[in-house]
Amino acid sequence: MIYTTGQWKKAKKCCNCGMTLFEAVVVLALLGMMFSLVGLNIFGRIKQTRMNEDVSRFARTLRTAAREAVIRQKDLLVVVEVYDGYYSVYVDDPEEPYSEVSEPLLEPEQLSFCWIDEIEFEDGSRQYSGQLRLRATPQGWSGTRLMKLVYEKRGSELRMERYLRCDRFTTKVTVSRQPISMPQAKARL
């Protein structure tokens, strides 16, 4: 077959219009690396969201207990099992002290994604395990407590911390991603 100049150029272009196997493999490898980086970022965000939900639910329970104490004009007791993260709210009745069989005012819940690493009291003492009892009175919290909640994946550098503080004589519950300090005692005039 005899080609004219225009036909020869068209025939030559058609021969080079596909991709080689090597080019296809390189493109697939680059796409795979890009999707893996996006996937890692998404999983990190999911873990962060789960921790935020855990801490928000715990803070919401504490705020509810403080408000209920004011509304009911009764002391309420928030009992937190530090080791396994279960917490619930009970009416603090002097005639019937709290026990394991007491009927909770709110449904017991659990920190399912993070744990309480450290609890600081206003006198400077610290608690790392056991049972924490927070008393909500009609005047506010009976004492200031600072809690550090942590999520840490073993074998990786992923560590997230949240800080939660209940302030004495207020119904305030503060949540932060940054470390919170204990409020300084105010001098009486």
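Where a number appears in this text, it was derived from the coordinates with a stated rule and is not lab data. Please read these numbers as outputs of a predicted model, since none were measured by experiment. Quick reminder, even Gly has a Cβ in these numbers, built from the backbone with ideal geometry, and neighbours come from all protein chains shown.
Tell me, what ³J(HN,Hα) does each residue in segment 76-85 have, in order and in whole Hz, if you take phi through Karplus 6.51 cos²θ - 1.76 cosθ + 1.60 with θ = phi - 60° and put x for Gly and Pro?
Couplings: 10, 10, 9, 9, 10, 7, 5, 5, 9, x Hz.
What ranking do 173-180, 20-27 get when scored by the average of other Cβ atoms within 10 Å per residue, highest first?
On the way: 173-180: 13.9, 20-27: 9.8.
For the peptides 173-180, 20-27, the packing ranking is 173-180, 20-27.
Only sites in a loop by DSSP and with at most 14 other Cβ atoms within 10 Å count here; which GluC sites (Glu not before Pro) in segment 88-117 make the cut? Mind dumping the intermediate values first?
Working: sites: E95, E100, E109; in loops: E95, E100.
Filter output for segment 88-117: E95, E100.
Eigenvalues of the Cα gyration tensor times 5, then square-rooted: what semi-axes does that give for segment 19-176, in whole angstrom, largest first? Let's see the in-between values first.
Details: eigenvalues 393, 43, 37 Å².
The three semi-axes for segment 19-176 are 44, 15, 14 Å.
What does the highest-first list of 124-134, 50-60 look like by mean Cβ count within 10 Å? Don't skip to the answer; put the middle values down first.
On the way: 124-134: 12.1, 50-60: 17.5.
Top to bottom by mean Cβ count within 10 Å: 50-60, 124-134.
Give me the percent relative contact order of segment 19-176, please, defined on Cα pairs under 8 angstrom at least 6 residues apart. Numbers along the way, then the final one.
Numbers: 269 pairs, mean separation 32.4, N = 158.
Taking the mean separation of contacting Cα pairs over the length of segment 19-176, I get 20 percent.
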